[in-house]
Amino acid sequence: MLKGAEIVLRCVRAEGVDLVFGYPGGAIMPLYDALDGSGIRHVLTRHEQGAAFAAEGYARATGKVGVAIATSGPGATNLVTGIADAKMDSVPLVCITGQVRSAMIGSDAFQETDVFGVTLSLTKWSRLVRTIDEIPEVIAEGFHWARSGRPGPVVIDIPTDLLKAKKEFSGPVKFTPHAQASEAKAEGAFSDTIVALLQKAARPVALVGAGAKLSGAIPELRRLLDDLNIPTFATVHGLGAVPPQAPYYLGMVGMHGTRAANMALHETDLLLVFGARLDDRVTGDPTRFAPNAKIVHFEIDPAQLDRVRPCELPVIGNLTDTIPEFHAKIRPASLPDFSGWRTVACGAERAELDPRGLAQPTIRFLDELFSRLPQDNVVIADVGQHQMWAAQRYRSSSPRGFITSGGLGAMGFALPAAVGVQLAKPETCVLCVSGDGGFQMNIQELATVYRLGLPIKMVIVDNKYLGMVRQWQQLFYDRNYAETDLSDNPDFVEIAKAYKIHGWRLNEAAMAQFPVSEETGDSIDNFLRSPEPELLVFDCHPEANVYPMVPAGAALSEMVFEDE
Amino acid sequence: MAMQVFHIRYRNAQGTLMRILNAISRRGLDLTSVHAEAAGTEHAVTVQVEVTPKQIGQLCREWYAIVDVIEVRSSAGLREHGVAEWAPLPPASANATESARAALA
């Protein structure tokens, strides 16, 4: 006879899980009581949101399912932002929450929340477990949906009495999925159609999104792009899918994308989309998005098609299937000569401008930092101006090298996510770049970093403002900096010290000389190579702005490059 | 905006009907009527809702993405396009021939 809690952990272990993140509390206590000897390591974060983001970081770095555990009521509701983030960015996440006793459900008992209802619209799949007998099936099915198709978050809510109850346990079960409506696959004819479209095209381009990474189709995609040899760019989650040194690669596209990428996307007459949602940060004004283009959209999730703008040819399916099928029809020699278009799109006239203006020292700092990273590295960016600067400046061929909260844009993501990444990749240099606003949203996870001795390198780009909001206030609200002033920030170095973590500060003057002085360079090298956790605060100009920028509601061709 | 009727077959697992209805409520659409009942081994729900043509596509795709939805059919709006009553709305590229014809047009 095993307790329900032991059955849960055995089933979770059978899914290949050996690391979970969580925070204990009343209703989930039986599960915590059973952790010893389960073969599963539990990492205590200092807030349930930290647990959800840490599990996400682990999942994003490895492609495996991340697991977060919380108690009922506030414990579970504190997971919600992480669940929403996982939904938006297609992260396989399983959240296991304790619930009040079965007999008390619906009575507004202490710490009772309708977690199933609260998370219904944010989850790919969820269950409120009703009997101890169904635990193995529910765990198996939950993990299946979290990792299958377009990955996403799953919530499994278990009343505390079921965790304490006992039953005979014959072992974990396998879930056999029923046929899904959305599993309709593209038929072979699509390849011929795309080839025909390429034959008629003059200015074809390729856009790569997160789906390319999630599907595991990076090798297939890179081979295809090499043969197509057409201007190619990536969304923020597609960064790393295409080697930055590829001659046809134009960088990031969208609101803060490169001039070359946005111009090519505006001018194209045939847009091949590989696993991207085409959200509003990528398209700008949807009525003027790729106005002359036919769109071929490779996508696993039919719900993502035609959301912003209709596509002419949807190709539904896993990219590991559809890309090779398409590639098999491509004969590079028989394609039209796109060299003239490539020269225009990738030419020097559209090359990135040197950093200038008030942001120049910060961009130089990030360039210096990234150039000194060990080969094996992962950069995790929080949300805001520093996120976009990092996305613009970080160059990596590693598909999982750049991690950020892109769809939801959840401030406070980076530090706990870095905890998950570092645990997943103990030998890797994990660099966490935050702003002063976002860092304070989960600053308590410094305690987790210290407790685990994780050698995470934390950088705060400190402009003493909610920088991106302030930038919009400057540009679109007549500089009315309403409630974005953070000039009374605490001393982050002292804060780190209180958590027994070494911190230091670098100011803009250190970037006046570029390349930086030997002394500054050595300091950065020592920071990146320290075996201990380290915090570096970089003082950024309060009114530094991120450029290029496509103003909200503008077309991609209407980029702004500097302060007026 | 036009009144539209959708007929959705689904497995009656926890929350499936709520997910179907949530696709409507999250868009701020007025749900005129809902009728759900068992249909053989499965369940079916018929909803009447006022939508734009773009929202028809969005709704159908979102419903298809729900794990336990089996089939989505629509009536009124499609009649205008000469499609048979209660025509099924599969994910677009399942019908490759029509998609290809449209793309090359």
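The values are calculated or read from the model by the stated rules, or taken from the named source; none is laboratory data. Quick caveat: nothing in here was measured; it's all calculated off a predicted structure. Glycine gets a Cβ as well: all are built from the backbone with ideal geometry, and neighbour counts include every protein chain shown. Ligands, DNA and RNA are stripped out before the accessible areas are found, and what is left, the full protein with its side chains, is counted by its heavy atoms. Shrake-Rupley method; radii C 1.70, N 1.55, O 1.52, S 1.80 Å.
Taken over the range A:298-316, residues that are within 7 Å of chain B (Cβ to nearest Cβ) and either without any contact (Cβ under 8 Å) to a residue 12 or more places away in the chain or not in a loop (DSSP other than H, G, I, E, B) (or both) amount to 8. Only residues that are basic (Lys, Arg) and not in a loop (DSSP other than H, G, I, E, B): list them for the range A:341-358, please. A:Arg342, A:Arg350 - these are the residues of the range A:341-358 that are basic (Lys, Arg) and not in a loop (DSSP other than H, G, I, E, B). Report yes if A:Gly503 is open to solvent by less than 50 Å² (accessible area, probe 1.4 Å) and within 16 Å of A:Ile460 (Cα to Cα), otherwise no. Spelling it out, A:Gly503 is indeed open to solvent by less than 50 Å² (accessible area, probe 1.4 Å) and within 16 Å of A:Ile460 (Cα to Cα). Every condition in (1) without any contact (Cβ under 8 Å) to a residue 60 or more places away in the chain; (2) surrounded by 18 or more Cβ atoms within 10 Å (Cβ to Cβ); (3) not in a helix (DSSP H, G or I) is met by A:Met458 except one, and the failing one is (1). Among the candidates A:Val421, A:Val383, the residue that is among the β-branched types (Val, Ile, Thr), under 28 Å from A:Gly22 (Cβ atoms) and in a loop (DSSP other than H, G, I, E, B) is uniquely A:Val383. I'm told A:Val344 meets every condition in (1) open to solvent by 30 Å² or more (accessible area, probe 1.4 Å); (2) at pLDDT 90 or above; (3) within 14 Å of chain B (Cβ to nearest Cβ) except one. Can you identify the failing condition by its number? Only one criterion is unmet by A:Val344, namely (3). Taken together, the residues in the range B:1-11 that are surrounded by fewer than 16 Cβ atoms within 10 Å (Cβ to Cβ) and within 16 Å of B:Glu37 (Cβ to Cβ) amount to 1. If only residues of the range A:131-180 that are small (Gly, Ala, Ser) and open to solvent by 20 Å² or more (accessible area, probe 1.4 Å) are counted, the one that is nearest to A:Thr320 (Cα to Cα) is A:Gly149. The sole residue among A:Ile69, A:Ile28, A:Ile105, A:Ile96 that is buried (at least 24 other Cβ atoms within 10 Å of the Cβ) and more than 28 Å from the chain's Cα centre (by Cα) is A:Ile28.
In the set (1) at pLDDT 90 or above; (2) within 14 Å of another protein chain (Cβ to nearest Cβ), the condition left unmet by A:Ala290 is number (2). Selection of the range A:477-489 for residues being under 28 Å from the mean Cα position of the chain (by Cα) and open to solvent by 50 Å² or more (accessible area, probe 1.4 Å) yields A:Glu483, A:Asp485.
Set side by side, the residues A:Glu56, A:Glu6 differ, and just one is among the acidic types (Asp, Glu) and more than 27 Å from the chain's Cα centre (by Cα), which is A:Glu6.
How about the range A:423-443: which of its residues are hydroxyl-bearing (Ser, Thr, Tyr) and open to solvent by less than 10 Å² (accessible area, probe 1.4 Å)?
Of everything in the range A:423-443, just one residue is hydroxyl-bearing (Ser, Thr, Tyr) and open to solvent by less than 10 Å² (accessible area, probe 1.4 Å), namely A:Ser434.
Here is a yes/no grid of residues against (1) hydrophobic (A, V, I, L, M, F, W, C); (2) assigned to a loop (DSSP other than H, G, I, E, B); (3) surrounded by 18 or more Cβ atoms within 10 Å (Cβ to Cβ):
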{"position": "A:Lys497", "(1), (2), (3)": "no, no, no"}
{"position": "A:Phe514", "(1), (2), (3)": "yes, yes, no"}
{"position": "A:Ile524", "(1), (2), (3)": "yes, no, yes"}
{"position": "A:Phe527", "(1), (2), (3)": "yes, no, yes"}
{"position": "A:Pro531", "(1), (2), (3)": "no, yes, no"}
{"position": "A:Val537", "(1), (2), (3)": "yes, no, yes"}
{"position": "A:Tyr547", "(1), (2), (3)": "no, yes, yes"}
{"position": "A:Ala552", "(1), (2), (3)": "yes, yes, no"}
{"position": "A:Leu556", "(1), (2), (3)": "yes, yes, yes"}
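Of the helices (runs of 4 or more DSSP H) entirely within the range A:65-162, those holding at least 2 residues that are at negative phi and away from chain B (no Cβ under 13 Å) occupy A:74-77, A:80-89, A:135-147. Residues in the range A:72-93 that are of a type in the set (D, E, K, R) and over 16 Å from the mean Cα position of the chain (by Cα): 0 in all. Restricted to helices (runs of 4 or more DSSP H) entirely inside the range B:1-88, those with at least 2 residues that are at pLDDT below 90 and away from every other protein chain (no Cβ under 13 Å) are B:76-79.
Of all the listed residues (A:Ala103, A:Ala70, A:Ala140, A:Ala109), the sole one being touching a strand residue (DSSP E or B) at 6+ places or on another chain (Cβ under 7 Å) and of a type outside the set (Asp, Glu) is A:Ala70. Taken over the range A:31-58, the criterion of being open to solvent by 40 Å² or more (accessible area, probe 1.4 Å), assigned to a loop (DSSP other than H, G, I, E, B) and within 17 Å of A:Ala424 (Cα to Cα) is satisfied by A:Gly39 alone.
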